[in-house]
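Below is one structure, written out as structure tokens, with a few remarks after it.
The values are calculated or read from the model by the stated rules, or taken from the named source; none is laboratory data. Because the structure is predicted, anything quoted here is derived from the model rather than measured. Neighbour counts are summed over all protein chains in view; Cβ atoms, including those assigned to glycine, are modelled from backbone coordinates with ideal geometry.
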Amino acid sequence: MAVARTPRHAWISAGLRALGAGGPDAVRVEALAQALGVTKGGFYGYFSDRGALLGEMLDRWERDVTDDLIARVEAEGGDARDRLRLLYEIADTGEGLATDITTDLAIRDWARRDTAVAERLRRVDNRRMEYLRSLFRAFCDDEGEVEARCFIAFSLYLGSHFVSVDHGAFSREDVLRLTNKWLLDARTD
């Protein structure tokens, strides 16, 4: 009877979960094998070393938060506001993404210490911002306003995970919903 190999994508997914939970130092072949319930020998059938795995993890994250996410939003169709609403919903829930906000935050922390990761992060963030700009430009004529809305939306996605504040009569979800609604309102001046 042939023994089924642990698929390559399972190693990458386990690596991304470990990265999100503990940063790049938590991505260890032996720990991943244990998490997958396999021996570490299968790892070397796919990857030459840990560095190769880390590179493929970054590749998966980059595709997930750029090409795959944009394709998904575009496939749903609708006007720019509809696509922004869907983008906000996906960002808030992580539904359908191979990675989540913990991965994104761990990569940002990693980028503070690794210039190659920092370069990739800049490329990914620039791609994300350009997509946001393309959507906001559909209903905002002023480039300064487009840039401000994009920056606020992106900062909200990242920063809301670091803010621990009471909102009085409002829940965190209420405030996010109201902020997103405000960002989507047409200019009145």
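If you go through segment 109-118 and keep only what is under 16 Å from the mean Cα position of the chain (by Cα) and either within 14 Å of D59 (Cα to Cα) or loosely packed, with under 15 Cβ neighbours inside 10 Å (or both), you end up with D109, V117, A118. Applying a threshold of 6 Å to beta carbon distances and a minimum spacing of six or more residues, or different chains, the list of pairs starting in segment 126-151 at a residue that is closer than 15 Å to D82 by Cβ and ending at one that is loosely packed, with under 14 Cβ neighbours inside 10 Å reads F139/A186.
Among the residues making up segment 82-98, a single one is among the β-branched types (V, I, T) and modelled with pLDDT under 85: T93.
Selection of first residues in segment 23-48 that are closer than 29 Å to R112 by Cα and aliphatic (A, V, I, L, M) and of second residues that are modelled with pLDDT under 95 and buried (at least 17 other Cβ atoms within 10 Å of the Cβ), restricted to Cβ pairs under 7 Å at least 6 apart or on distinct chains, gives the following pairs, ordered by first then second residue: V29/F43; A33/F43.
In summary, L97 fulfils each of the numbered conditions (1) under 17 Å from Y157 (Cα atoms); (2) touching a residue at least 24 places away in the same chain (Cβ under 8 Å); (3) out of contact with any Gly (no Cβ under 8 Å at 6 or more places or on another chain); (4) assigned to a helix (DSSP H, G or I) with the single exception of condition (4). Out of E56, E95, one residue alone is closer than 29 Å to V175 by Cα and not β-branched (V, I, T). It is E95.
Condition (residue is charged (D, E, K, R) and not in a helix (DSSP H, G or I)) applied to segment 115-125: is it met by at least one residue? No, there is no match, as no residue in segment 115-125 is charged (D, E, K, R) and not in a helix (DSSP H, G or I).
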